[in-house]
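Take a look at the structure set out below.
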């Protein structure tokens, strides 16, 4: 048996770990176009903010490949796959595989805006991007796109002493991650840090000479010498497409519950994969760290011949200490984004705003499909079980919205819905003495 | 968790620990270990059971239960936990004095000085009732004026105790106010104790320094032994002693008043080891009081076949016949139990019962001025299982005496020290520095190293302190004087400590009051008290401090050179 | 693998485990009085909640906190199987907080780390069980039902 893994981030590494913990000692070759191995993309803003040095960006220790008996091919781009011959072409050679994992991740979207090729305009996705932004001599930055990375990048640059404008074409910060109300709370905090936030405006063109000097929107001109794009990502499917692997309707690699693609012995996991979204009840690409990690694990186990089923993904985002107010959200953020599958579907939002805290549940037929916590977030994880298993929580809304929410509150729900859980899951939850 | 390895330095007691273990009789130390770990919230004063909505705690490490249901925060809880102790402690003094006064009224004792007795009883009546506003009878004006200014001049039970008890249940008083309320109650008790002392003198006659025997050897092999434990009506005790003498029955005691002129109750041991005499087989009957008599005595008496008599019970025996009943039963028990008893032959001589009559205030002040004595330390406290029995008291007093500190001991601390010869005049030279030795020699013959002033409820120490203030015309805070409770356990000892502070004497009390959960209240005991009384009661928060370091802390406060003082992280010897 | 069991008949909800956990594990001084005065205050790793029940990290076999941690700060001790926070690398992103089904990971904004029970893995025996006055908490063997085939 010989494994090849394409990619070097969460999904790839978690697949390696899954293969090894299953007891399989077969050869593993890992190809990644990043020259720096094992760094955590999520942490790049921390690097830019000078809060973490390069070694601290690693999510596994330097001897990971050695101890996991993996042959790494760093900075090597995989050019093609031959599913018939079960080989890949990379660098100057062909490598054969028995099972292949595509954990190629995603590419940052760079909109075709006039002047986008100017110097000083970058995305923040790779180590090279981060390095470039870190080194670039700038005084005034514009961050375009106020998603998680955008907001964190803006704050990072602010912490570095730059004057920063955060530009978002939709009407709020973090539009895919938080609802208006929670976003407003976070926006206030971001503005307190000193970032200028502009929403509902679109960058029309970049002006300047060789280097960028201005961002022009429909109503204003923002002088700057650095622009960071963070308007989202799309799955990096070029390799898969060329190999004839079937893509899903959203443009990601289509996989089954074992993370296998349409092609025998080729698996996919992470940002590149299109999976069933538990909250949406339909396929989706949840390009986030925990999903990549979980999918990598399922893929790895199945590649190693174990039978493991991926129950599905759901979005999870946490605004950590970086911004200064804890806020998390999972699943959907507003009723309007819920897909109505049948006429009888009933949607409901439950909100509670107290001093310094905000909490919202989005319910579909009494089941949690989304949750937002701002301020007090500690017990939020308790809801993740209920969301994941789509348990009817109608009888427990009061407790779930209360300040003293605790695990005991959901025990009756778990008991009542014992058959939603595997034996192992159920026992783990119940194995407290209760 | 601290499991005390060694339980006691009293070798006789220690030898009985093994015996008790063999017989499967749990003693106070075993029960203490069974209680570990003790409740951290109660220990730090962060718990409350004052109403039926609770119980509540203030959790120092969580936001959700930081404040009690009614809104008591940690400062309220700690201050109230302290106030609760003082009120209970004050009531114990008031009750003893009231009980004594009642017994004297109904008994047919021919008083030594009826006029003085009537006067003292009258004063006590006022204290027990509403009292008179603005009156602190008999205290030196220097003190009384300060107390009046602070609003803590004792008035009467209904004003000082009843009022304060209400504050445990509601109100928005500041912690400072609650602490001062505790002082007010304590000072009321102080007045009652002094009146009890005066009643005792008027009824039975003055006590004079008396040589007595102390320790297990006071139990007798050849006759019935009656053991008196805890606080028992002085009149009953005196009547019992008189009748027992006539009937050749031996009466010994534990944690009870020793001198009832002209009779003596010889202490068989001290508070913490009160169960041990029962293990000798030589206690034929025990009369059990309330305070200081441990409920465990019921079980240990049952195991050793010793009848118990509770003179204070509701349908108690006819007081007139009680003495005869006790002695009859004791004789019967002795006859039944025979002479199969093992009494450790350990006995120490002690001279007890000093008062301001033998300790002229002028002489003490002169002794300090001349440098014969470097300071004064009042030693009190009855024993606490948290500490190795007797060890802190003995080591600290040894250190004080060596450095020419005049040690005045009160209550059980005297008996503790007596067991080790500190009250034996023959041993004076061994303990005392040259200056102190000379000073004590100047007071008369047969003066022991440590001067016993009797139990606090007899007020001799208060009379002496009053005399020092009147004679010196200065507040006591102007002198190198401190009070120290090396191993205290009871509410009444907390109250006694407050007397000293209110008199201007900085007081060191072990263990820490249950207030350590509130940094604010801890600071009140230091800075606020110092501001108000010129003396503080620094809360001793560290758990493991060697007695020598505790002594050093006090000596350095007294500005005695050469004392060992502790610094954080290790011991440092000050330059000699 | 041993698991910390709570006997709900014995748990009186006295909060002693929280108190001593915060003192022994969460404070610098390890002494209650000083711990009360410390800033930032010690954080108990055990939660007494609901109807009298002391809950701490279950050290899940399939641990969501470990999948969610973006830089490998949440680690499993290979010898004991216990999961712990490798504090020097924690970036306080609270991803683990978000996914813990028991809600026992506490974000400490003051320390900028996620705080959770490591079952006193360096002390031999969990302090909460040791200090529990009713012995409601005890370490017991866990059935190996999670073993995947």
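Numerical summary
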item	result
Hits in the range C:1-24 (condition: closer than 13 Å to residue C:138 by Cβ and either within 14 Å of chain B (Cβ to nearest Cβ) or crowded, with 22+ Cβ neighbours inside 10 Å (or both))	C:4, C:6, C:17
Selected residue (criterion: surrounded by the fewest Cβ atoms within 10 Å (Cβ to Cβ)) from residues of the range C:102-136 that are within 11 Å of chain A (Cβ to nearest Cβ), over 13 Å from the mean Cα position of the chain (by Cα) and in contact (Cβ under 8 Å) with a residue 40 or more places away in the chain	C:110
Counted residues, the range B:3-22 - those being within 23 Å of residue B:348 (Cβ to Cβ) and not in a helix (DSSP H, G or I)	5
Within the range B:39-92, considering residues that are without any contact (Cβ under 8 Å) to a residue 40 or more places away in the chain and at the interface with chain C (Cβ under 9 Å from one of its Cβ atoms), the one farthest from the chain's Cα centre (by Cα)	B:64
Among residues of the range B:380-419, those that are surrounded by fewer than 23 Cβ atoms within 10 Å (Cβ to Cβ) and not in a helix (DSSP H, G or I), counted	7
Lone qualifier among B:62, B:31 - being in contact with a helix residue (DSSP H, G or I) (Cβ under 8 Å, 6 or more places away or on another chain) and modelled with pLDDT under 95	B:62
Enumeration of residues in the range B:27-37 that are surrounded by 14 or more Cβ atoms within 10 Å (Cβ to Cβ) and at the interface with another protein chain (Cβ under 10 Å from one of its Cβ atoms)	B:37
Test for residue B:530: is it away from chain C (no Cβ under 14 Å), at pLDDT 95 or above and out of contact with any strand residue (DSSP E or B) (no Cβ under 7 Å at 6 or more places or on another chain)	yes
Residues within the range C:96-110 that are touching a helix residue (DSSP H, G or I) at 6+ places or on another chain (Cβ under 9 Å) and part of a loop (DSSP other than H, G, I, E, B), tallied	6
Qualifying residue in the range A:281-294 (condition: facing another protein chain (nearest Cβ under 8 Å), surrounded by fewer than 23 Cβ atoms within 10 Å (Cβ to Cβ) and farther than 25 Å from residue A:150 by Cα)	no
Enumerated helices (runs of 4 or more DSSP H) restricted to the range A:338-434, each holding at least 1 residues that are within 12 Å of another protein chain (Cβ to nearest Cβ) and more than 29 Å from the chain's Cα centre (by Cα)	A:397-401, A:407-416, A:423-430
All positions within the range C:37-74 that are part of a helix (DSSP H, G or I), modelled with pLDDT of 90 or more and facing another protein chain (nearest Cβ under 7 Å)	C:67, C:68
So residue A:321, is it at the interface with chain C (Cβ under 9 Å from one of its Cβ atoms), crowded, with 16+ Cβ neighbours inside 10 Å, over 16 Å from the mean Cα position of the chain (by Cα) and not in a helix (DSSP H, G or I)	yes
Scope the range B:279-311; condition under 15 Å from residue B:250 (Cα atoms) and not in a loop (DSSP other than H, G, I, E, B); matching residues	B:285, B:286, B:287
Residues satisfying the stated conditions in the range B:360-379, i.e. part of a helix (DSSP H, G or I) and touching a residue at least 24 places away in the same chain (Cβ under 8 Å)	B:361, B:362, B:363, B:364, B:365, B:367, B:368
Complete set of residues in the range C:25-36 that are more than 7 Å from every other protein chain (Cβ to nearest Cβ) and either without any contact (Cβ under 8 Å) to a residue 24 or more places away in the chain or under 13 Å from residue C:132 (Cβ atoms) (or both)	C:27, C:28, C:29, C:30, C:34, C:35
Scope the range A:324-337; condition part of a loop (DSSP other than H, G, I, E, B) and touching a helix residue (DSSP H, G or I) at 6+ places or on another chain (Cβ under 9 Å); matching residues	A:324, A:325, A:326, A:333, A:334
Filtered residue count, the range B:217-246, keeping only those that are in contact with a strand residue (DSSP E or B) (Cβ under 9 Å, 6 or more places away or on another chain), within 19 Å of residue B:290 (Cβ to Cβ) and part of a loop (DSSP other than H, G, I, E, B)	2
Odd one out for residue B:440, checked against (1) touching a residue at least 40 places away in the same chain (Cβ under 8 Å); (2) part of a helix (DSSP H, G or I)	(1)
Single residue of A:385, A:350 found to be in contact with a strand residue (DSSP E or B) (Cβ under 6 Å, 6 or more places away or on another chain) and within 24 Å of residue A:176 (Cβ to Cβ)	A:350
Output for the range B:449-462, where each listed residue is more than 15 Å from residue B:505 (Cβ to Cβ) and part of a helix (DSSP H, G or I)	B:457, B:458, B:460
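Residue-by-condition table, conditions (1) in a helix (DSSP H, G or I); (2) at pLDDT 95 or above:
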| position | (1), (2) |
| --- | --- |
| B:514 | no, yes |
| B:541 | no, no |
| B:545 | no, no |
| B:549 | yes, no |
| B:559 | no, no |
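Here is a yes/no grid of residues against (1) outside any loop (DSSP other than H, G, I, E, B); (2) crowded, with 19+ Cβ neighbours inside 10 Å; (3) under 20 Å from the mean Cα position of the chain (by Cα):
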| site | (1), (2), (3) |
| --- | --- |
| A:23 | no, no, no |
| A:34 | no, no, yes |
| A:37 | no, yes, yes |
| A:62 | no, no, no |
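Residue-by-condition table, conditions (1) at positive phi; (2) out of contact with any helix residue (DSSP H, G or I) (no Cβ under 8 Å at 6 or more places or on another chain); (3) buried (at least 24 other Cβ atoms within 10 Å of the Cβ):
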| site | (1), (2), (3) |
| --- | --- |
| A:233 | no, yes, no |
| A:251 | yes, yes, no |
| A:256 | no, yes, no |
| A:267 | no, no, yes |
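The values are calculated or read from the model by the stated rules, or taken from the named source; none is laboratory data. The structure displayed is predicted, hence computed values, not measured ones. All Cβ positions, even for glycine, are placed from backbone atoms using ideal geometry, and neighbour counts span all protein chains on display.
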